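Data first, discussion second: the structure below is written as structure tokens.
The values are calculated or read from the model by the stated rules, or taken from the named source; none is laboratory data. The shown structure was predicted, so the numbers you read here are calculated from the model rather than taken from an experiment. Cβ sites come from the backbone with ideal geometry, for glycine too, and all protein chains shown count toward neighbours. Each accessible area value is taken on the protein alone, full model and side chains, heavy atoms only, with ligands, DNA and RNA left out. Shrake-Rupley method; radii C 1.70, N 1.55, O 1.52, S 1.80 Å.
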Amino acid sequence: MPRFSVVMPVHRVQGHLRAAIESVLAQSCRDFELIVVDDRSPDGCAAIAEEYADRDHRVTLLPLASHQGVGAARNAGAELACGDYLLFLDGDDLLLPGALEALAGRLSESPDVLLFGHDRVDWWETVTPGGDDLTDPLTAAPVPWNRVVRRAFFTAHQLHFRYGPYGHLLPVHRALRLLDGPPAVLDRVCVRHRIRRGGSTSTTPGRHHFTLFDAYADVLADPDPGPGPG
């Protein structure tokens, strides 16, 4: 059983996918599996992922039968995963050098959630902070790529991602509420998240952004989950 399962949903990111995959394969910590979930991308994502899977047993290509969105792709990858911890990395993100080794060193006490820092890179390749204030973990950016979650904890509490825009908000917030105390923290930038000019939910104008209000309404209405199984 690997220490980490890196789940990478891909859709229309063929120009960045090789760099994303190689940033995982180049990690000094080798104790991981990489699950690339092809969300029926119309470009060459599946072929690129298959190429890596053919030559490295740690890479698995999981093709979905139809385009379902990033939430469904993350869920499918998590269901297939067999590692101790889940790390969700988008197909145009980068796992920075030494990240998995640093994370593994912080996981000696097997916390259910470990938060870490991330930064962002735009289409001009300008890198800016990701907004993670790790001095107060509860104010860290509510995104799936700045944390690892113990897979047994994720599964026991059915922390699946919702379909549609902003479907990550409820499980991200619920996971923190399920903890007995504050989450573990690694004060280190581990992921470089790419902000795309177009082609992503966050950068494409439209009425779908109004679903953000619905997503936070669900978060606020979410009943206290209690401690439950760990």
Considering the stretch 43-88 alone, what residues qualify as being under 15 Å from Arg18 (Cα atoms) and in contact with a His (Cβ under 9 Å, 6 or more places away or on another chain)?
Asp43, Cys45
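Quick grid of which residues meet (1) out of contact with any strand residue (DSSP E or B) (no Cβ under 7 Å at 6 or more places or on another chain); (2) under 26 Å from Asp39 (Cα atoms); (3) buried (at least 18 other Cβ atoms within 10 Å of the Cβ):
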residue	(1), (2), (3)
Leu115	no, no, yes
Asp122	yes, yes, no
Pro129	no, no, no
Asp133	yes, no, no
Leu138	yes, no, no
Asn146	no, yes, yes
Ala152	yes, yes, no
His157	yes, yes, yes
Tyr166	yes, yes, yes
Considering only residues that are surrounded by fewer than 23 Cβ atoms within 10 Å (Cβ to Cβ), modelled with pLDDT of 95 or more and acidic (Asp, Glu), which ones fall in the stretch 81-111?
Asp84, Glu101
Right, Gly15: of a type outside the set (D, E, K, R) and either open to solvent by 50 Å² or more (accessible area, probe 1.4 Å) or within 15 Å of the chain's Cα centre (by Cα) (or both) or not?
yes
Just for strands (runs of 3 or more DSSP E) wholly inside the stretch 1-73: which have at least 1 residues that are under 17 Å from Trp145 (Cα atoms) and touching a helix residue (DSSP H, G or I) at 6+ places or on another chain (Cβ under 8 Å)?
4-10, 32-38
